[in-house]
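Below is one structure, written out as structure tokens, with a few remarks after it.
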């Protein structure tokens, strides 16, 4: 197998020595990811984070990732005010999740190097409840919750919280239909099989 393009993954044994708040079992993080603030990051069991993903959780920020979560390539998680990703969620390639964002109205300066009294940073935890799916190249802004089982379709912009078991798409995101709950039964089968 060629080594030049196969950068590989760190496993949970290697990651436990890097100062994470918590690392579960069967965790794999691509070796070319950028992670800042490991002490504020918790990762459950059966999680894979793919290449070129960046996760930041500095200061009072945090990122909590549940179990059976996949985070695709080139994802950005800015956890300055917290990001919670519950079990059985998926975040596809190129998606950006911001728990802090600058006020772009022109009424304030923007930039993390400007003292706080000259800025008006919008902040708030972003939460993805169980079974959420965020498709390719979405942008999620601060202080929103995607309720259980909801999908955000590709290229969507999310600025408000979404109800459960629905599919949303667009800029701004709008509901296109309900989502099946059959996957709850599949989870039960999976967990039963894993105890055998």
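Each reported figure results from applying straightforward, stated rules to the coordinates on display, with no laboratory input. Remember, predicted model here, so these are calculated numbers, not experimental data. For neighbour counting, all protein chains shown are included, and Cβ atoms are generated from backbone atoms with ideal geometry for every residue, glycine included.
Can you name every residue in segment 148-164 that is in a loop (DSSP other than H, G, I, E, B) and in contact with a strand residue (DSSP E or B) (Cβ under 6 Å, 6 or more places away or on another chain)? Full working, then the answer.
Here is the first cut: in segment 148-164, the residues in a loop (DSSP other than H, G, I, E, B) are 148-150, 153-156, 159-161, 163-164.
Within segment 148-164, 150, 153, 156, 161 qualify.
For every residue, the table says whether it meets (1) surrounded by fewer than 23 Cβ atoms within 10 Å (Cβ to Cβ); (2) assigned to a loop (DSSP other than H, G, I, E, B).
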position: 45; (1), (2): yes, yes
position: 51; (1), (2): yes, yes
position: 55; (1), (2): no, no
position: 60; (1), (2): yes, yes
position: 84; (1), (2): yes, no
position: 94; (1), (2): yes, yes
position: 104; (1), (2): yes, yes
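Just for segment 1-12: of the residues that are free of Cβ contacts under 8 Å to residues at least 40 places away in the same chain and touching a strand residue (DSSP E or B) at 6+ places or on another chain (Cβ under 9 Å), which one is farthest from residue 69 (Cα to Cα)? Write out each step before concluding.
Quick first cut of segment 1-12, residues free of Cβ contacts under 8 Å to residues at least 40 places away in the same chain only: 1-6, 8-12.
Right, trim to touching a strand residue (DSSP E or B) at 6+ places or on another chain (Cβ under 9 Å) and you get 8-12.
Working: 8: 18, 9: 16, 10: 16, 11: 15, 12: 14 Å.
Looking at the filtered set, the residue picked out is 8.
Of all residues in segment 145-161, which are surrounded by 20 or more Cβ atoms within 10 Å (Cβ to Cβ) and over 15 Å from residue 183 (Cβ atoms)? Explain how you work it out, then say what you get.
From segment 145-161, those surrounded by 20 or more Cβ atoms within 10 Å (Cβ to Cβ) are 146, 149-152, 156, 158; that's our starting set.
146, 152, 156, 158, listed by residue number.
In a loop (DSSP other than H, G, I, E, B), without any contact (Cβ under 8 Å) to a residue 24 or more places away in the chain and over 15 Å from residue 129 (Cα atoms): does that describe residue 191? Steps first, answer last, please.
Working: in a loop (DSSP other than H, G, I, E, B): no; without any contact (Cβ under 8 Å) to a residue 24 or more places away in the chain: yes; over 15 Å from residue 129 (Cα atoms): yes.
Against the criterion (in a loop (DSSP other than H, G, I, E, B), without any contact (Cβ under 8 Å) to a residue 24 or more places away in the chain and over 15 Å from residue 129 (Cα atoms)), residue 191 does not qualify.
Under 9 Å between Cβ atoms, which residue pairs at least 6 apart in sequence (or on different chains) link something in segment 128-142 that is without any contact (Cβ under 8 Å) to a residue 24 or more places away in the chain with a partner that is outside any strand (DSSP E or B) and surrounded by fewer than 23 Cβ atoms within 10 Å (Cβ to Cβ)?
Going by the 9 Å Cβ cut-off, there are no qualifying pairs.
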